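Q: Structure below; questions to follow.
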Amino acid sequence: MYNSRIIGLGKYVPDHVVTNHDLSKIMDTNDAWIQERTGIKERRWIEKGSEDTSAVMGAKAARIAIERAGLTKDDIDFIVFATLSPDYYFPGCGVQIQDMLEMPTIGALDVRNQCSGFIYAISVADQFIKTGMYKNVLVIGAEYHSGGLDKTTRGRSVSVIFGDGAGAAVLTRTEDNAKGVLSSHLHSEGKHAEELVVDGPNIKRWVPEILEANDPDDISYYPYMNGQFVFKHAVSRFSEAIIEGLQANNLQKEAIDMLIPHQANLRISQFVQKKFGLREDQVFNNIQKYGNTTAASVIIALTEAWEEGKIKDGDLVVLAAFGSGFTWGSVVIKW
């Protein structure tokens, strides 16, 4: 049995910075209100006319990760792409990456697990490598939220939270079972699917019906979130997933060198930090700068933490996420 380890990381975020003050000019909100509830100060949104899309940003992050891994695009055996905002309804972004990077005709898989997308994607890549099917797997998380948000006072509770960006990781085979991905743990609870959802269009209300209705006040295209309900479940499931990962590897919470939580809300991260008795330098947060980039958030944060020298060889790194579905999970890594 092989292990998989991360050998290359990359991230890309749009240049356009949107501050809380900027949002106060287009909706009834203010910096203090947003920071108090989310911890967010600013986020990156793709500007109108930009070439950036989820796939394009993913390709930019992937090129960096592949170069840092010391590989070429021809060394990659498989692509796993996580997003809730693909360029097309279908096909998925994975095949676009194969084309954009001019790769051989390798397989490409798309993961639709929203905020937990990168956790699920890492687990898929890890299993392909562990079984010996592939040696080098490219994993990408990318999101283009800003084009699909209700940027009015009506949608402010959701639209102030989300940002655009992408991150990528290259996983490779190792025979050192003491290093790399030690375990991954995945869960779902579909009965809460409608508590965090984009409802339209869907097969129960398909394109002809939408066109016939032609309702300018239809908000089903915009994300809906039952904020307090989601928050309550998130703090519980985050903790459960982290504990499950530690117990599976006979580890105590004191063994954690770096926790990278999904950047959903700074208050959730702070709650988890306090519950596990972790210092501020043991938990990496960058939601203040980027907002919630869902499937991209964990990999952007992981990349940034590594770039800043906060993750070192031999560190125990725990990734955890919770989001729409509900889905949640954790990955335990010996760096």
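The values are calculated or read from the model by the stated rules, or taken from the named source; none is laboratory data. Predicted model only: the values in this text are computed from it and were never measured. Methodologically, a virtual Cβ is constructed for each residue, glycine included, from the backbone with ideal geometry; neighbour enumeration extends over all protein chains shown. Ligands, DNA and RNA are excluded from the accessible area calculation, which covers all protein heavy atoms including side chains. Shrake-Rupley method; radii C 1.70, N 1.55, O 1.52, S 1.80 Å.
Q: Working only within segment 43-71, note down all residues that are open to solvent by 70 Å² or more (accessible area, probe 1.4 Å) and under 16 Å from ILE140 (Cα atoms).
A: Those that are open to solvent by 70 Å² or more (accessible area, probe 1.4 Å) and under 16 Å from ILE140 (Cα atoms): ARG63, GLU67, ARG68.
Q: When only residues in segment 207-242 that are of a type in the set (D, E, K, R) and assigned to a helix (DSSP H, G or I) count, which is modelled with the lowest pLDDT?
A: GLU209
Q: Could you tell me which numbered condition ILE40 fails, if it satisfies all but one of (1) among the aliphatic types (A, V, I, L, M); (2) crowded, with 16+ Cβ neighbours inside 10 Å; (3) under 26 Å from TRP335 (Cα atoms)?
A: (3)
Q: Let me spell it out: the conditions are (1) open to solvent by 40 Å² or more (accessible area, probe 1.4 Å); (2) part of a strand (DSSP E or B); (3) under 23 Å from ILE287 (Cβ atoms), and ALA142 meets all of them except one. Which number is the exception?
A: Status for ALA142: all satisfied but (1).
Q: Hey, among the residues in segment 213-239 that are within 21 Å of SER188 (Cα to Cα), in contact (Cβ under 8 Å) with a residue 60 or more places away in the chain and not aliphatic (A, V, I, L, M), which one's most open to solvent (accessible area, probe 1.4 Å)?
A: TYR224
Q: Let me ask something else about it. What are the residues in segment 276-291 that are on the phi < 0 side of the Ramachandran plot, touching a residue at least 60 places away in the same chain (Cβ under 8 Å) and either among the charged types (D, E, K, R) or open to solvent by less than 10 Å² (accessible area, probe 1.4 Å) (or both), if any?
A: ILE287, LYS289
Q: Take the residues in segment 154-196 that are under 16 Å from the mean Cα position of the chain (by Cα) and among the aliphatic types (A, V, I, L, M); name whichever of them is most open to solvent (accessible area, probe 1.4 Å).
A: Here the residue is LEU186.
Q: Tell me which residues, restricted to segment 72-111, are polar (S, T, N, Q) and open to solvent by 70 Å² or more (accessible area, probe 1.4 Å).
A: THR72, THR105
Q: Need pairs with beta-carbon distance below 6 Å; first residue under 12 Å from GLY10 (Cβ atoms) and within segment 52-77, second buried (at least 22 other Cβ atoms within 10 Å of the Cβ) and of a type in the set (Ser, Thr, Tyr); sequence gap 6+ or separate chains.
A: Going by the 6 Å Cβ cut-off, the qualifying pairs are MET57/TYR12; LYS60/TYR12; ALA61/TYR12.
Q: Right, something else. Could you check, for segment 279-294, whether at least one of its residues is among the aliphatic types (A, V, I, L, M), in a strand (DSSP E or B) and closer than 30 Å to HIS16 by Cβ?
A: The answer is yes; a qualifying residue exists.
Q: Follow-up question, since we're still on this one. Please list, ordered by first then second residue, the pairs with beta carbon atoms under 6 Å, 6 or more apart or interchain, first in segment 22-51 and without any contact (Cβ under 8 Å) to a residue 60 or more places away in the chain, second of a type in the set (Gly, Ala, Ser).
A: Close Cβ pairs satisfying both conditions: ASN30/SER24.
Q: Looking at the structure I just gave you, is VAL124 assigned to a helix (DSSP H, G or I) and closer than 19 Å to ILE287 by Cα?
A: no
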